[in-house]
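The values are calculated or read from the model by the stated rules, or taken from the named source; none is laboratory data. None of the values given here were measured: they were computed from a predicted structure. Every residue, glycine as well, gets a Cβ built from its backbone with ideal geometry; the counts of neighbours run over all protein chains shown. Heads up: the accessible areas ignore ligands, DNA and RNA and are worked out on the full protein's heavy atoms, side chains in. Shrake-Rupley method; radii C 1.70, N 1.55, O 1.52, S 1.80 Å.
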Amino acid sequence: MTVQPPIDQSPIDDLSARLVEFVGALRSKGIPAGTSETVDAAAVAVALGLEDRERLREGLASALVRRGGQRTVFDMTFDLFFPAGIGLGAGSAEHDPESVEDLRDLLAMALAESDLRTLQQVAELAVEMLGEVAAAGSSAGGWSAYQTLDRMRPQTLVAAAEAARRAGSERAEMEGSGAGQGSGQGSGGGAGSGQGGAGQSGGDVADGLVRDEVRRAVNAFRAMVEAEARRRTAEVRGRELVTRHAVRQGAGQVEFLSANAQQLEELRQAVQPLSRKLATRLSSRRRRAHRGRIDIRRTLRRAMGTGGVPMVPVHAPPHPARPELVLLCDVSGSVAGFSGFTMLLVQALKDQFSKIRVFAFVNTVDEVTDLLRDGGDLRRRISEEARVTKWHTSSDYGETFADFTAEYLDAVGPRTSVLILGDARNNNQALQLDALHRIALPARRTFWLNPEHSSKWGLGDSVAPEYAEVVEMHECRTMEQLERFISRLLPV
């Protein structure tokens, strides 16, 4: 097949309609692109033209991407709506493998040389040969990146690529040393002392660098296969459908309970920039809220000039005091990712509160404020250094609340806001609602942040409706919802 022009410019599917669909797809993935951004993107497209696809990509990104962590989502969506071509690229015709082993040999060579152009061509051939899951004309047709990578097994070629890379380096060194022998000097009898150890150390470092480069090339090849499979599937099943199911969500829309290790790491990396933004919002709310109460006596005295009508109220001098915060965090199972992210975020906002105390629990509670302050792998340190379980490892909110009131109730006072983090799945244990009442009673405000969808509250062993009658419970499944809660509802 031949490659089409850089962007399909058929009269039926004009650029303006394509651009509007593209912005709508970005919006569905959590990138807040509205009408003004769409107008800006159209102006960018007119100014840059369609000849250079990568230049168009960067121009549209400058107009539509406003926050950190959104570029990956943008690139995946752009490749679907503005593909480099359709079908199998003509560049892949340079290589015509007859079997999977021929294709793997070609891949090993490209990995050894870190040849991105050849890697892209191998990815296209691999998806064409190994990734098709149904007839191209079928409504259920498409191409599978998982199936392609499972048959190609690029991870098994790392050793072969490393050996080929080292062999090439050794040949180059030998050729270089042979060319320089005619002008070499023979002096320096004692200069070789200790060179064997230095050479071995240098060889280890070189081997490590080669291994890292090959592994980066393998990861690049995986990404190319995934992108190619999405592109080919979009030709058959439509861009909108593939965008909905195959393009990852933006970081703000990733659900804490379903996030994988990579997504949780991305969320942790977003803590510092998010904390700076939230700190600005909290400071602004605090300035507005601390104007002071109306001084009735001084207001009435001033009203004497208006015949006793209090036209201008007088406020008493404010006595600003930053609130205290207590976190009660369930660290069991998948809820631990949500609790860990929230603990890190609150710690980053420590300057907005006069005091922060953090407690972790599974079925008993222990204070982990110092562990959070010291840093490191928080989840591992809590499991090793804190006592959060008794004789079993299942969540027991009732037992936890009872233990907290017995040991740590003095942490809650009239300036304290209490945040409880957990899914309220109590494993059919006693609720201890009276203990939760005793925690909420002396507190300024008490909130419960639940990472489950509200439609699941009360199903199975969830006792969220019962606890929601005692304290105010909020659905908090994503970073966007957590950000909204902190910036709008957290007492200042």
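Can you run phi through the Karplus equation (6.51, -1.76, 1.60; θ = phi - 60°) for the stretch 335-349 and list ³J(HN,Hα) in whole Hz, with x for Gly and Pro?
Per residue, the Karplus-derived 3J(HN,Hα) values read 5, 4, x, 5, 5, x, 4, 5, 4, 5, 5, 5, 4, 5, 9 Hz.
List every residue whose amide H lies under 5 Å from the amide H of Ile420, counting only residues 5 or more places away in sequence or on a different chain, with H placed 1.01 Å from N in the peptide plane.
Here the answer is Leu328, Phe447, Trp448, Leu449, since their amide H atoms fall under 5 Å of that of Ile420.
At 7 Å along the Cα-to-beta-carbon direction for both Ser487 and Asp377, put a label point, then send me their distance in nm to one decimal.
3.4 nm
Please list Tyr408, Tyr146, Tyr397 from largest to smallest accessible area, probe radius 1.4 Å, with all protein chains kept in place. Present the calculation step by step, with values, prior to reporting the outcome.
Working: Tyr408 35, Tyr146 175, Tyr397 0 Å².
From most accessible down to least: Tyr146, Tyr408, Tyr397.
Looking at the calculated P(r) for the stretch 340-410, what percent of the C-alpha pair distances fall above 17 Å?
Numbers: 1138 of 2485 pairs.
Everything past 17 Å amounts to 46 percent.
Can you give the FRET efficiency for Thr35 and Ser258, using 1/(1 + (r/R0)^6), R0 = 25 Å, r = Cβ-Cβ distance, to the nearest 0.05?
Values: r = 32 Å, r/R0 = 1.27.
Result of the calculation: an efficiency of 0.20.
Report the FRET efficiency, 1/(1 + (r/R0)^6), for His437 and Val309, where r is their Cβ-Cβ distance and R0 is 56 Å, rounded to 0.05.
Values: r = 46 Å, r/R0 = 0.81.
Rounded to the nearest 0.05, the efficiency is 0.75.
State the percentage of accessible surface on the stretch 402-457 attributable to carbon and sulfur atoms; use a 1.4 Å probe and exclude ligands, DNA and RNA. Provide the component values of the computation, followed by the final result.
Working: 1190 of 2510 Å².
Within the stretch 402-457, the accessible surface is 47 percent carbon and sulfur.
Sort Leu300, Leu325 from largest to smallest accessible area, using a 1.4 Å probe on the heavy atoms of the protein chains.
On the way: Leu300 100, Leu325 5 Å².
Result, largest first: Leu300, Leu325.
Which links in Lys29/Lys277; Lys355/Lys390; Lys29/Lys355 stretch past 31 Å when you go from one Cα to the other? Can you show the working numbers first?
Numbers: Lys29/Lys277 21 Å; Lys355/Lys390 29 Å; Lys29/Lys355 37 Å.
Over 31 Å apart, Cα to Cα: Lys29/Lys355.
Gain in length, Ala163 to His245, computed as 0.36 nm per residue apart minus the alpha-carbon separation, to one decimal in nm? Before the final figure, lay out the partial values.
Values: separation 82, 0.36 × 82 = 29.52 nm, distance 3.92 nm.
Net length gain for the segment: 25.6 nm.
List the residues of the stretch 216-230 whose backbone N lies under 19 Å from a point placed 7 Å from the Cα of Met109 along the Cα-to-Cβ direction.
217-218, 221
Above 21 angstrom, tally the Cα pairs of the stretch 398-492 and express them as a % of all pairs, no decimals. Intermediate results must be reported in sequence, preceding the final value.
Details: 1442 of 4465 pairs.
So the pairs more than 21 Å apart make up 32 percent of the total in the stretch 398-492.
Which order do the peptides 428-436, 454-462 take when ranked by the mean count of other beta-carbon atoms within 10 Å per residue, highest first?
Ranked from most to least packed, the peptides come out as 428-436, 454-462.
Counting only the heavy atoms of the protein chains, how much of Met304 is accessible to a 1.4 Å probe, in Å² to the nearest 10?
150 Å²
Amide H to amide H, which residues 5 or more places from Asp295 or on other chains are under 5 Å from it, using H placed in the peptide plane?
Counting only residues 5 or more places away or on other chains, the set is Val314, His315, Ala316.
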